[in-house]
Structures are given as C-alpha cells and as structure tokens.
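Data first, discussion second: the structure below is written as structure tokens.
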Amino acid sequence: IYATGAYVAAYMGVHGTTDILLQIVAAIGAALVVGLLTGIPGLRLGSWSLAMTSFFLVLLIPDITNIFSNVTGGMVGAVGILPPTFFGAAITTYGFYILCIVSVIVWLSFMRNLVTSRHGIALRVMRQSPVLAGSLGISVFRTKLIAYALGAVPAGIAGALFANLDSYVSPGAFSFDLAISILAASVLGGSTSVYGAVIGAAIMQLGPSISTSFQQDALIFY
C-alpha cells in the first residue's frame, strides 16, 4: 500500500502533475482501493493469519511492477519525477520538511481522536474478542474493513511524500527488510500506543546515524 502511494505520486510527477496536495489525494485514493481489495479476502482470516497475509504482500511488489512496467518502469523504476509544487509555487527543502511534519501531526491527531471515540472503543472490543463485538451489535466484518482502510491512508500519504523526497521510485525501495523494520519500530515503540510508532521509528532511524555500534547491532532489534 505504501508502494502504491509512491508509484501514483511518481506517475503524476513524471507526467507533469506536480502539485503535492493533488498527489497526496490521489495516493490516498489508490491506497484505499488497494487496501480494500487486499482486505476483503484477507478478512476471512483472523489474528496472526491476517497479519502475516498482509505482511507478505510486500513480496508481490516486484512482480506487480513488472506486470505494469509501462506505468511503473519495471525493475528500473520511475525516473524523471519533477520537483513538487504547492499551488503552483516550488517547494523548498525546508518547506517539504514542514509539510512532512504537518502531515504527521495531523494524522496522529486524527488517530488519537479516533481511539478515544466510540468507534475506537468498538475497534478495541473487536481486537479483544470478535465474538463479544458481534454480541454487542458491532459489525465485525465492516469494522475490520474500516480498520484496514484507515491503515491504508497514512501509507498512501507516506508513499507520496517518499516519491517526492527521493525523486525516484523502484521496487528495491519497498523491500522485505523495510517491512521488518516498520514492524520492529511498531513493536519497539508499543503497538497499542498512537505515539509508540513515532518513538519506535525515531529509535530505528536515528540510532544508526548517532551510533555506529547501534547500526552493527541493529539486526538484534529486528
């Protein structure tokens, strides 16, 4: 789903649609579609079976990019992505940094409000026991599908931002190692905490930059 957002933004950038907001909206839309398409059959499973099915979707990325090589560039990748703009004005490096920070803050605020709402309570009940959720009148399938779709939104946003950050997108950027590092960051920061993802990602990303020994021993964390 992250790769979907990146390739959509890259395709738009290559073909002259450089407005970052339009790219983000399109990336979210495409991510939602992929999230729903993969979520509907995946939701027949549960617990770790569903988690592993989602996790191993990353192995399909090289094959999918080859099938649609006329759009994605295949194994070579999408090149020639034009610099992003904001309502027609070029975005500086500092401006792009601010955009990334704002995107994170907005999404974290949304997630926190969701968690504390009645919808968040329904999601937590379903996580503990789908049978209990069903007995309380909560549609288990619909709630799972909503959760799956919600997870696709930040992935689409991140993909669009990544494509404009690197100005190049290839299947190698969405490796199995990346999937493991994201999972490791989630577990390290605390999977049940909205802010845990930020803490875990900070440790996993800043650790190798600050300490050489951390980078050498990072495999232990993974």
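The values are calculated or read from the model by the stated rules, or taken from the named source; none is laboratory data. This is a predicted model, so every value here is computed, not measured. For neighbour counting, all protein chains shown are included, and Cβ atoms are generated from backbone atoms with ideal geometry for every residue, glycine included. Remember, those area values only see protein heavy atoms, side chains included, never the ligands or the DNA or RNA. Shrake-Rupley method; radii C 1.70, N 1.55, O 1.52, S 1.80 Å.
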Roughly speaking, to the nearest percent, how much of the chain's 1.4 Å accessible area is carbon and sulfur? 70 percent
Kindly provide the chymotrypsin sites (Phe, Trp or Tyr not before Pro) of segment 1-96 that DSSP labels as loop, not H, G, I, E or B, and whose Cβ sees at most 13 other Cβ atoms within 10 Å. Phe68, Phe87
Can you list the residues, at least 5 places off or on another chain, whose amide H is less than 5 Å from the amide H of Val169, using H built in the peptide plane? Ala78
Return one whole number: the accessible area per residue of the chain in Å², for a 1.4 Å probe. 58 Å²
Quick tally, 1.4 Å probe accessible area for Arg142, Arg112, sorted with the most first, runs Arg142, Arg112
Which whole-Hz ³J(HN,Hα) couplings does segment 182-189 yield from phi under the Karplus relation 6.51 cos²θ - 1.76 cosθ + 1.60, θ = phi - 60°, glycine and proline marked x? 5, 5, 4, 5, 5, 5, 5, x
Amide H within-cut-off set for Thr85, under 5 Å, with H built and near neighbours excluded: Asp19, Ile20
Each residue of segment 193-206 in order: what ³J(HN,Hα) in whole Hz does its phi give by Karplus 6.51 cos²θ - 1.76 cosθ + 1.60, θ = phi - 60°, with x for Gly and Pro? 10, 5, 8, x, 4, 5, 5, x, 5, 4, 5, 5, 8, 7
Describe numerically, in nm with one decimal, the distance between label points set 7 Å from Cα along Cα→Cβ at Ala89 and at Phe110. 2.4 nm
Counting helices only, and only those DSSP H runs with n ≥ 4, report the 222 nm mean residue ellipticity of the chain as the sum of -39,500 (n - 2.57) divided by its residues, in deg cm²/dmol to the nearest 500. -23000 deg cm²/dmol
How large is ³J(HN,Hα), in whole Hz, for each residue of segment 117-134 in order, when computed from phi with the Karplus curve 6.51 cos²θ - 1.76 cosθ + 1.60 and θ = phi - 60°, using x for Gly and Pro? 8, 5, 5, x, 4, 4, 5, 5, 5, 5, 5, 6, 7, x, 5, 4, 4, x
Would you mind classifying segment 1-115 by shape? Square roots of the alpha carbon gyration tensor eigenvalues, ordered a ≥ b ≥ c; an a/c under 1.5 is rounded, otherwise it is prolate if a/b is larger than b/c and oblate if not. oblate
